[in-house]
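Scroll down for the structure; my scribbles are underneath it.
The values are calculated or read from the model by the stated rules, or taken from the named source; none is laboratory data. What you see is a predicted model; the values in this text were computed from it and never measured. All Cβ positions, even for glycine, are placed from backbone atoms using ideal geometry, and neighbour counts span all protein chains on display. We work out accessible area using only protein heavy atoms, side chains counted, and drop any ligands, DNA or RNA first. Shrake-Rupley method; radii C 1.70, N 1.55, O 1.52, S 1.80 Å.
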Amino acid sequence: MELTQPATILRNYSKVLDDLDVGNPIILTKNGVGKAALVNIEQWNRLQAEIRLLKELNKAEKNFGEGVSLEEFRKSRN
């Protein structure tokens, strides 16, 4: 569950970092508008790995079967 806080909480950044848990980003606001998100480094690394994997899967699907979509290929094999 995300936590929304004003950017001024960074004055006590040590406590903010201590409170940062996987799956619980802290959304920083300025004048009540979301401006940035702080996430635990473990979660950040996991998100980056997921993005890389999804990009590779997307690329592979586009090139699969010489331009035939994965769904079309599956239908033709049944």
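Can you list the residues, at least 5 places off or on another chain, whose amide H is less than 5 Å from the amide H of THR29, using H built in the peptide plane?
The answer is GLN5, ALA7, LYS35.
At a 1.4 Å probe, what is the % contribution of carbon and sulfur to the accessible area of segment 25-65?
That fraction is 58 percent.
Quick one: Karplus J couplings for segment 50-58, per residue in order, coefficients 6.51, -1.76, 1.60, θ = phi - 60°, nearest Hz, x for Gly and Pro?
Each residue's phi maps through the Karplus curve to give 5, 5, 4, 4, 5, 5, 5, 5, 5 Hz.
Counting Lys +1, Arg +1, Asp -1, Glu -1, what net charge surrounds LEU20 among other residues with beta carbon under 13 Å of its beta carbon?
-4
Using the heavy atoms of the protein chains and a 1.4 angstrom probe, tell me the accessible area per residue for the chain in square angstrom.
84 Å²
Can you tell me what share of the DSSP beta bridges in the chain is antiparallel? A percent to the nearest 5 is fine.
Bridges in the chain that DSSP calls antiparallel: roughly 60 percent.
Hey, in the GNM for the chain with a 10 angstrom Cα cutoff, which one of GLU42, GLU61, GLU50 fluctuates hardest?
GLU61
Out of (1) 75, 45, 17; (2) 59, 25, 18; (3) 72, 27, 16, which label holds the value of Cα extents along the principal axes in Å that was computed here?
Answer label, from the structure shown: (2).
Taking 8 Å as the Cα distance limit and 6 or more residues as the minimum spacing, I'd like the relative contact order of the chain as a percentage.
On the way: 70 pairs, mean separation 16.4, N = 78.
Over the chain, the number comes to 21 percent.
Could you work out which residue, out of ALA37, ALA49, ALA60, moves most in a Gaussian network model of the chain, that is, has the largest mean-square fluctuation with Cα springs under 10 Å?
Largest GNM mean-square fluctuation: ALA60.
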